[in-house]
Amino acid sequence: MSRVLLAVLALAAGVAGAARLPANLEPFEAEHVCAGRAEVLVRGKTDDALTRNAQETLTKLVASLKLGGGAAYTDCPAWLSYRAQVTGDGNGNTVYAATLSLITPSLGTSALHNLKDDEFPYDGGFEFVTLWSGLGAGTATGAENLAFRLRAELVSQMDDFGNDWKAKH
C-alpha cells in the first residue's frame, strides 16, 4: 500500500465516521435543515481563505436544494456542516479528509418521530447528534489544486446528500 494512501487512511480515521443514513432525513421538512458552518484546517489551523470558499459553496448548495429558507443555522433543528482536514504525508504530498454531516444539537435520536410537531431551539451547547454524514479523502498538488479538490469533494458529498434527501421527500 502506498504511503500516500496510508496517510489518507490515517487522516480519515481521525474524522467522524461516515454514515449515510437516508432514513434519518425523513422526519425533516425543508425548513428544518439549514447550512451550518464550514471549516478547513490545514495542519491543525483554520485556513481563512479555504474556509470562506467552503462556506460560500455550502451555503449556495443548501440554497439550491431549497433547504432552510435562508434561516440562520441556529434557528433550524438540523444543519449541514462541512469540515476538511489537510496535512502532509511526510513525502511532500498534500492529503485531505473531508466530512459533510447533518447534525442536530441536543436532540436524541429517539425524539426524531416528534420532530414535525415540536420545536428544538438551539441552546448554545456543542453536543450534537450526527444524523447523516459522508466522508471523502484524497491528495492534492499545490494550493490551487487543493482548493479545487476540496470544493469538488463538497459538491460530491452534497450531491450524495441531495440524492438521499430527494429519495425521502
Counting only residues that are out of contact with any Phe, Trp or Tyr (no Cβ under 8 Å at 6 or more places or on another chain), more than 22 Å from S156 (Cα to Cα) and not charged (D, E, K, R), the stretch 77-90 contains a total of 2
Flagged in the stretch 67-107 as in a helix (DSSP H, G or I), surrounded by fewer than 20 Cβ atoms within 10 Å (Cβ to Cβ) and in contact (Cβ under 8 Å) with a residue 24 or more places away in the chain, in numbering order, are G69, T74, D75
Taking the stretch 91-130 and keeping only residues that are at pLDDT 90 or above and either of a type in the set (S, T, Y) or over 20 Å from the mean Cα position of the chain (by Cα) (or both), one is left with T94, Y96, T99, S101
Of the candidates E39, E56, E29, the one satisfying the condition of being surrounded by 15 or more Cβ atoms within 10 Å (Cβ to Cβ) and of a type in the set (D, E) is E39
Residues of the stretch 127-152 being in contact with a helix residue (DSSP H, G or I) (Cβ under 8 Å, 6 or more places away or on another chain) and free of Cβ contacts under 8 Å to residues at least 60 places away in the same chain, in sequence order, are V129, G136, A140
Of the residues in the stretch 131-149, those that are hydroxyl-bearing (S, T, Y) and modelled with pLDDT of 95 or more come to none
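The values are calculated or read from the model by the stated rules, or taken from the named source; none is laboratory data. Because the structure is predicted, anything quoted here is derived from the model rather than measured. Every residue, glycine as well, gets a Cβ built from its backbone with ideal geometry; the counts of neighbours run over all protein chains shown.
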